[in-house]
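Scroll down for the structure; my scribbles are underneath it.
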Amino acid sequence: MIPIRDRIRRAIERDALIPPGSRVVVAVSGGSDSVALLELLVELAPECRFAIAAVVHVNHGLRGEDSDGDEAFCRALAASHSLRFESTTEDVAKRAASERTSIEVAGRRTRYEFFDEVAERVQANRIATGHTRDDQAETFLLRLLRGAGASGLAGVRPRRGAIVRPLLEMRRTELRVYLASRHRRYREDASNADLTVPRNWVRHRLVPLLGDHVNADIVEVLAREATVLRDETALLERLANEAAARIETSLQAGRIALDASALAELTPALARRVVRQALSRVDVRQFHGFDHVEQVLALAKPVGGHMAADLPGVRVERIGASVVLSKREPRERPGAVAFRYDLPVPGRVVIPEAGCEIETLVRKCKGSQVLLKQALQSGPEVAVIDAATAKDGLFVRSRHAGDSLRPFGMSGRKKLQDVLVDQKVPRARRDGVPIVVDGKDRILWVAGQMACEDGRVTARTQSVVILKLSPFGEEGDEA
């Protein structure tokens with residue numbers, strides 16, 4: 001077998017991850033993958049002619065003494081190689097609450113912001129992270145289950161800007177054998193066993209299940225599939241760019257015109273990609289899903305008269321022979337667009353107007369008490385309701401005038417408006433707060449804010465629905 005260090009060197013050279021003369025910041029959490037990454041880069045630095053500018057670590061403040069122990073371990077590891085060590089301690093739970101997002105997303109944002117900050121300070125042009133082939137397979141499954149398209153299923157890329165992942169061809173087990181051969185210790189994070197975190201559930205339950213019953217080499221199969229899709233996506237992107245150069249015209253004030261007949265003649269896959277690129281250029285902050293793209297394509301078909309559609313952040317109009325995309329001016333109350341969606345159980349729904357998605361899972365109460373307890377303690381982005389309340393369907397909608405609810409633990413009713421004020425939700429964001437209701441339009445959960453008595457789990461409950469709120473469009477799922 002080819003030694004690990006040679007495989008990593010080949011990946012670095014083949015994908016131009018760390019060119020000679022580079023200065024690299026190495027992200028180390030203390031786990032086996034990142035510790036192996038640092039050891040391998042220390043070995044390869046002289047041979048590949050790059051320098052390790054700093055070792056970086058983020059203390060998320062989530063596990064008390066264990067988090068502090070991780071930081072101390074990483075500091076000592078850097079010192080053992082006489083490397084500069086940079087760390088920061090952040091209250092990730094507080095950030096997640098303030099940004100109405102999940103702990104995982106808040107942690108990821110915090111890490112990459114700090115990595116960028118340190119890279120600028122030490123004049124580094126590369127940031128190396130320890131993503132492995134196992135991470136690639138897990139990301140593929142996570143995105144598949146969430147309904148991602150080909151671009152999303154392409155998974156974790158070897159390089160994204162300054163971020164490089166030299167270990168993407170390595171299995172976690174191989175890296176641990178490598179560390180053992182060098183008598184290097186690493187830290188185990190107990191939170192990685194928390195099955196209420198989707199990635200952990202995929203890692204500990206779904207991947208082993210597929211390995212036992214479908215293909216023993218499932219990680220390799222999924223990782224190869226991601227690589228194939230990444231290459232095919234790159235080709236489609238190039239073809240879409242070439243097509244856009246022919247049919248797209250940039251107008252004044254951030255407007256784009258697409259030649260309607262030329263757009264209609266493109267193959268569906270290419271046409272969708274051209275439209276998605278154009279929407280992103282008009283307003284990169286907004287998420288535009290399949291239905292939005294189809295609305296634009298519908299306006300490219302031969303029609304008479306003037307037609308238009310309002311999408312998140314973008315106004316689309318058929319004007320003569322062109323489909324014109326214009327950035328919509330923000331309204332005084334940007335969340336004021338009403339919305340209502342079916343909420344599948346189990347399943348997920350994207351809510352573009354609110355900038356989020358809600359996922360639902362069903363669990364039997366018996367035998368799932370630990371899981372239920374963990375879910376209840378996961379913070380405002382998770383709620384647990386009695387599955388009986390979903391018998392006539394669940395829905396997620398924007399607030400209505402006169403809405404009221406029964407707050408969890410209270411016998412009386414309270415106006416939704418008062419709840420939002422008490423929760424200090426800014427006035428401009430109140431119309432965008434997702435409200436989960438049952439078939440009788442009873443409020444079960446003010447997403448990210450408050451659970452309600454009408455969905456309460458009782459001693460008679462036979463099964464529960466776990467609701468999880470998270471932002472959409474995160475490159476995330478990359479750990």
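The values are calculated or read from the model by the stated rules, or taken from the named source; none is laboratory data. Computed from a predicted model, the values in this text were never measured in an experiment. Glycine gets a Cβ as well: all are built from the backbone with ideal geometry, and neighbour counts include every protein chain shown. Accessible surface is based on the protein model in full, side chains and every heavy atom, while ligands, DNA and RNA are left aside. Shrake-Rupley method; radii C 1.70, N 1.55, O 1.52, S 1.80 Å.
Worth a mention:
- Expressed as a fraction of 2.2 N^0.38 Å, the value expected for a compact globular protein of N residues, the C-alpha radius of gyration of region 38-179 is 1.13.
- Note on the chain: helix-only mean residue ellipticity at 222 nm, from DSSP H runs of 4+ residues weighted -39500 (n - 2.57) and normalised by residue number, equals -12000 deg cm²/dmol.
- Length available on full extension from T173 to R205: 0.36 nm per residue minus the Cα-Cα distance, which gives 9.8 nm.
- Sum of side-chain charges, N241 neighbourhood, beta-carbon under 13 Å (Lys, Arg +1; Asp, Glu -1): +2
- Solvent-accessible surface (1.4 angstrom probe) belonging to C356, in square angstrom, nearest 10: 10
- Ranking of S250, S80 by solvent-accessible surface, largest first: S250, S80 (1.4 Å probe, protein heavy atoms only, all chains present).
- Dipole of region 1-40, positive end: most advanced residue of S29, L40, L17 [Cβ charges, Cα centre]: L17
- Relative contact order of region 56-106: 40 percent, from C-alpha pairs under 8 Å at least 6 residues apart in sequence.
- Shown is the FRET efficiency for V345 and E117, computed with R0 = 56 Å from the Cβ-Cβ distance and rounded to the nearest 0.05: 0.85.
- Amide H contacts under 5 Å for V197: none, restricted to partners 5 or more places along the chain or on a different chain, H placed in the peptide plane at 1.01 Å from N.
- Ranked from largest to smallest solvent-accessible area, with a 1.4 Å probe on the protein heavy atoms, M307, M170, M410 come out as M410, M307, M170.
- Each label point was placed 7 Å from the Cα along the Cα-to-Cβ direction; for S411 and D310 their separation is 4.5 nm.
- Loop-located trypsin sites (Lys or Arg not before Pro) in region 387-465 (DSSP state not H, G, I, E or B) with no more than 13 neighbouring Cβ atoms inside 10 Å: K391, R413, K424, K440, R460.
- Residues M1 and V42, FRET efficiency given R0 of 35 Å [Cβ-Cβ distance, rounded to 0.05]: 0.95
- The order of R328, R199, R315, R281 by accessible area, most exposed first and with a 1.4 Å probe, is R281, R315, R328, R199.
- Span-like helix check, the chain: qualifying full DSSP H segments, with Cα axial length of 20 Å or more and mean Kyte-Doolittle of 0.0 or more, are 32-48, 218-247, 268-282.
- Spatially proximal lysines relative to K364 (Cα-Cα < 22 Å; intrachain offsets below 8 disregarded): K373, K391, K468
- FRET E, pair K440, A51, Förster distance 56 Å, beta-carbon r, rounded to 0.05: 0.30
- Of the GluC sites (Glu not before Pro) found in region 170-256, those in coil by DSSP whose Cβ has at most 14 other Cβ atoms within 10 Å are E188.
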